Amino acid sequence: MSKVYADGTVGVAELDLTFAAGELTVLVGPSGCGKTTTMKMINRIIEPTTGRILLGGEDVTGVDPVRLRRRIGYVIQNVGLFPHQTVRANVGTVPRLLGWDRARTRARVDELLELIGLDPAVHADRYPHQLSGGQRQRAGVARALAADPPVLLMDEPFSAVDPVVRERLQAEFLRLQQAVRKTIVFVTHDIEEAVRLGDRIAVMSTGGRVEQFATPADLLGRPATEFVADFVGADRGLKRLAVTEIDTVDLEQPPVVHVDDGLADARSALERVGARWAVVLDDRERLHGWLSAERASGAGTVGTAARRMDAWVPADASLKTAFATMLQHEAGWVAVLDGDRFLGVLTPESLHAALRRSVEGTVPETAGATQA
């Protein structure tokens, strides 16, 4: 597919991309690289100069563009809600155009408002100016999803809100995508947003050229060109933390003692392996805290001398979450839990080894956190 304007300017040249069903694909790149032009050619707001657009195998370059757009949801940066219509009327726009009856439209609107976190009883009859920026953006997403389109196009939808609201909207949108699993083409200039949201990312340069089309982890771990390496930034290793999940093979296994153990026994256990601390579990194998060798002395039980451990993350967390938790609590390690069950710990050394292994595909290393 290509787009060449009347004055000879090439907006997009020789573009071939396939967006997998149910995935969120991000088009990212500097201003003027053709990412928004590409997206607008998909629903033919901009007509391509050459090429074909296949939607589920059907070439839609020759169909009625108005009918095509009713099959494709569209969310833009400034939402585009009709200011003179209520939220309910805005969200129900496409179902009405498709001839849905009033009861079906109302039920669908209420369902979507609940799904995006807007109480229909509170928000449905309000007007856009009565909503916050984040609420308007959520209403825009609901409108795009109203007729259950197979494809959703999103053009920098969260860039017009402040950073705190933006991060919250991104999290809510990820939750929503897990529920609806739409095929989404998402345009942004922000590589952080692309990495957080995308199943796959297309990094584009001038003229709509795709420099690399890959998963976030591959993009950050193995940039295909110098352009990609420069665009994702020198801190791409840190960005990769956000898309690398914790793997149990990377966890260290420090000494474990229990709250009812005697302090003398705990000290002997630490001395046997030359460790300076141990994880403390309760009688149900749940994390209770930690015990240093210095406090493992005198009479009494481990429970009386153990310290509280707030630095922990769930097993499905990313390495970035683990690292952030470690820094937040100024801890030398972070515990990893599967529900209430203790699995092991990550230290700065083992976290770095896990990240390096994810890039290089190497055999996991043990960083020796239990050594004195």
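The values are calculated or read from the model by the stated rules, or taken from the named source; none is laboratory data. In this text, all values refer to a predicted model and were calculated from it rather than measured experimentally. FYI the Cβ positions are ideal-geometry reconstructions off the backbone, even for glycines, and counts take in every protein chain you see. These accessible areas exclude ligands, DNA and RNA; they are computed on the full protein's heavy atoms, side chains included. Shrake-Rupley method; radii C 1.70, N 1.55, O 1.52, S 1.80 Å.
What the table shows:
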| quantity | calculated |
| --- | --- |
| Theoretical gain in end-to-end length, Glu47 to Asp265 [0.36 nm per residue, Cα-Cα removed] | 70.8 nm |
| Accessible surface, 1.4 Å probe, highest first, among residues Ser132, Ser358, Ser292 | Ser132, Ser358, Ser292 |
| Residue with peak Gaussian network fluctuation, the chain [Cα springs, cutoff 10 Å], from Val313, Val345, Val66 | Val66 |
| Mean residue ellipticity (222 nm) of the chain, computed from DSSP H runs ≥ 4 via -39,500 (n - 2.57), nearest 500 | -10000 deg cm²/dmol |
| Rounded to 10°, Cα long-axis angle of helix 319-328 versus longest principal axis of the chain | 60 degrees |
| Cα gyration tensor shape of region 65-156, rounded if a/c is under 1.5, else prolate or oblate by comparing a/b with b/c | oblate |
| Inter-probe distance in nm under a simple model that places probes 7 Å from Cα toward Cβ, at Gln253 and Leu98 | 5.4 nm |
| Computed log₁₀ I(q)/I(0) - Debye formula, equal Cα scatterers, no solvent, region 148-221, q 0.18, 0.22, 0.26 Å⁻¹ | -0.80, -1.13, -1.37 |
| Hz values of 3J(HN,Hα) by residue in region 276-293 - Karplus curve (6.51, -1.76, 1.60), Gly and Pro given as x | 9, 7, 9, 7, 10, 10, 8, 6, 10, 6, 9, 5, 9, x, 9, 9, 8, 4 |
| Alpha-carbon radius of gyration plus Dmax, which is the widest Cα pair, for region 1-52 in Å | 11.3, 38 |
| Region 61-120-region 268-301 distance, computed between alpha-carbon centres (Å) | 59 Å |
| Stokes-Einstein translational diffusion, region 104-204 - Kirkwood Rh over all Cα pairs, 0.890 mPa s, 25 °C, in µm²/s | 171 µm²/s |
| Sites excluded, trypsin sites (Lys or Arg not before Pro) in DSSP loops with at most 13 other C-beta within 10 Å, longest stretch of the chain | 53-180 |
| For region 62-108, radius of gyration divided by Kirkwood radius, i.e. Rg to Rh on alpha-carbons | 1.00 |
| Label selected from (i) 19.7; (ii) 23.4; (iii) 21.4, the criterion being mean projected area of the Cα convex hull in nm² as computed here | (ii) |
